[in-house]
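J.: The structure's right below; bear with me while I get my questions together.
The values are calculated or read from the model by the stated rules, or taken from the named source; none is laboratory data. Because the structure is predicted, anything quoted here is derived from the model rather than measured. Heads up: the accessible areas ignore ligands, DNA and RNA and are worked out on the full protein's heavy atoms, side chains in. Shrake-Rupley method; radii C 1.70, N 1.55, O 1.52, S 1.80 Å.
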Amino acid sequence: MAGAALRVAGRQLSQRSGAGVPILLRQALETRASPGHTPGCVTFVLNDHSMAFTGDALLIRGCGRTDFQQGCAKTLYHSVHEKIFTLPGDCLIYPAHDYRGLTVSTVEEERTLNPRLTLSCEEFVKVMDNLNLPKPKQIDFAVPANLRCGVQTPPS
């Protein structure tokens, strides 16, 4: 199958990677800054606006927390509404993760059904400021590494 091309869901895929993983051809990714969960969050959008990879900014029926890693609820609200919710309603949304095992949603579903992001900005900020989530177990290790692009400080 080396060098062969497959048609999957109307997209041209190639098996020339050598790693056995198909590579999407004739598509480009647009990078949209979507800070708020962290200042460095980005969303990757296919050039035909059919898919968006939202990281932790927009989750399925939720969003990333904003109470650490220099997060800001107001910034996150504006990022999602201005950079993601402006995509076509049928654009598929792929978040970084989902604790319930969901893998995909659409812009329209999240625009209308996301319990946090259907609120006004002021209500959203109030909700996010009062989530009172427990501190993540590895936060003291993960945040410094994240701020250094994953480079970890060796133990002393």
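J.: Tell me, what HN-Hα J-couplings in whole Hz come from the Karplus equation 6.51 cos²θ - 1.76 cosθ + 1.60 at θ = phi - 60° for each residue of the range 94-103, using x for Gly and Pro?
T.: Coupling constants for the range 94-103: 10, x, 5, 6, 8, 6, 9, x, 6, 10 Hz.
J.: Taking a ≥ b ≥ c as the square roots of the eigenvalues of the Cα gyration tensor of the range 54-156, is the shape rounded (a/c under 1.5), prolate (a/b larger than b/c) or oblate?
T.: The shape class here is prolate.
J.: On a straight-distance basis, which lysines could pair with LYS137 in a cross-link, Cα separation under 28 angstrom, same-chain partners fewer than 8 positions away excluded?
T.: LYS74, LYS126
J.: Counting only protein chains, not ligands or nucleic acids, how are VAL107, VAL143 ordered by accessible area (probe 1.4 Å), most first?
T.: VAL143, VAL107
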